[in-house]
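Some notes on the structure that comes next.
Just so it is clear, none of the values below were taken in a lab; they were calculated from the coordinates. Since the structure is predicted, the reported quantities are computational estimates derived from the model, not experimental observations. With ideal geometry, Cβ positions are generated from the backbone for all residues, glycine too; neighbour counts draw on all protein chains shown.
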Amino acid sequence: MNQDVYQHYGKEEKNFIDQVFGWMQQVENRYVPYLSGFLTPREAMITEQLVATNDDLAVYFDGGYEGAERQRALVIPPYYEPTVADYKLCLLEVKFPVKFGEITHGRILGTLLSTGIDRQRIGDIITDGTYWHLIIDETISEFIKTNVNKIGNVGVHLENINYESLLTSNENWDVITVISSSMRLDALLSKVYNISRQRAKDAVAAGYVKMNFAEMDRGDIEVKLNDIVSLRKYGRFWVKSVDGVTKKDNYRLTMHVLIK
């Protein structure tokens, strides 16, 4: 393993990088594909970059639909032709009394995690504003269908659906240019949501900010390409590209921002 690889990534990403190298070694040794859990966009980017350093391997991604936020990586030897079935995805519809109950993304995710399953076994949670669909690891589908019969105080029933029935998300993303003096979390929160730097710091300290679905407790942590940042009651954003620096040495960034 080339130790120089680590210098291109954050220190906190070392364990994930080692994990990806482990997947690659496993494919080389056994000459069979390796399927990851659902990755964040940042993790998917790192996986793609690392696999590209080995000419004998390739990697493909699928999260159930084009543009899925969380996707599974399939690391394969050169002879292998991947199929949809290789990604072991299960699509579920949440059946519930729409007129008499209300559920949310947070409540669905919290309910799934409360069953003891790992976050990496859950893909995107999609809504069209009324109905909800889930994409999960098919190996846990029966367990989930058996153990999830209520979300919040709403009775639910989970049913399998096919790809043709999958909802189109009602999420809309705006593409904006942001000029920032820093890639710090609090600085970008301030720029994207037009709030003061102090208010951004306070939001982090209060536990209102997540990056790649993990709660952050430091405003000085660096946001990197494809990191997903969310601020409670404001929405989510991620850095699509760093497009250079201005004459005043500020970063020029292309950002995708969820329109609330």
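Computing Rg and the Kirkwood Rh from the Cα coordinates of region 27-87 gives a ratio, Rg/Rh, of 0.95. Approximating the spin labels as points 7 Å out from Cα along Cα→Cβ, the residue 222-to-residue 45 distance works out to 1.3 nm.
When the chain is fully extended, how far beyond the present Cα-Cα distance does residue 81 get from residue 146, taking 0.36 nm per residue of separation?
Details: separation 65, 0.36 × 65 = 23.40 nm, distance 3.39 nm.
Computed gain between residue 81 and residue 146 is 20.0 nm.
Across all directions, the average projected area of the convex hull around the alpha carbons of region 1-148 is 10.2 nm².
Could you tell me the ratio Rg/Rh of region 121-204? Both radii from Cα atoms, Rh via Kirkwood.
Details: Rg = 19.0 Å, Rh = 16.5 Å.
Rounded to two decimals, Rg over Rh is 1.15.
Quick check: convex hull over the Cα atoms of region 129-174, volume per residue in Å³, rounded to an integer?
Looking at region 129-174, the number lands at 116 Å³ per residue.
Hydrodynamic analysis of region 80-135 uses the Kirkwood radius over alpha carbon pairs. Inserted into Stokes-Einstein at 25 °C and 0.890 mPa s, it gives a translational diffusion coefficient of 190 µm²/s. Under a 5 Å amide H cut-off, with hydrogens placed 1.01 Å from N, residue 72 pairs with 39, 62, 63 among residues at least 5 apart or on other chains.
For region 1-58, the convex hull drawn through the C-alpha positions has a volume of 83 cubic angstrom per residue. Each 5 Å bin from 0 upward holds the following percent of the Cα-Cα pairs of region 101-254: 2, 8, 16, 17, 15, 14, 11, 9, 5, 2, 1, 0.
Each stretch of four or more DSSP H residues adds -39500 (n - 2.57); spread over every residue of the chain, this sum gives -7000 deg cm²/dmol at 222 nm.
Grab the Cα-Cα distance for residue 109 and residue 88, subtract it from 0.36 nm times how many residues apart they are, and report the gain in nm with one decimal.
Values: separation 21, 0.36 × 21 = 7.56 nm, distance 1.97 nm.
That works out to 5.6 nm of additional length.
Quick check: Cα centre of region 103-122 to Cα centre of region 131-155, how many Å? Rounded to whole Å, the Cα centres lie 9 Å apart. Cα extents for the chain along the principal axes, largest to smallest and rounded to whole angstrom: 56, 52, 29.
Note on the chain: with a GNM built from Cα contacts shorter than 10 Å, the maximum mean-square fluctuation among 182, 36, 141 falls on 182.
Distance from the C-alpha centroid of region 160-193 to that of region 1-47: 25 Å, rounded to the whole angstrom.
Note on region 218-257: Cα-Cα pairs beyond 16 Å make up 45% of the total pair count.
Express in nm, to one decimal, how much length is gained between residue 102 and residue 205 on full extension, taking 0.36 nm for each residue of separation and deducting their alpha carbon distance.
On the way: separation 103, 0.36 × 103 = 37.08 nm, distance 2.99 nm.
This chain segment gains 34.1 nm when fully extended.
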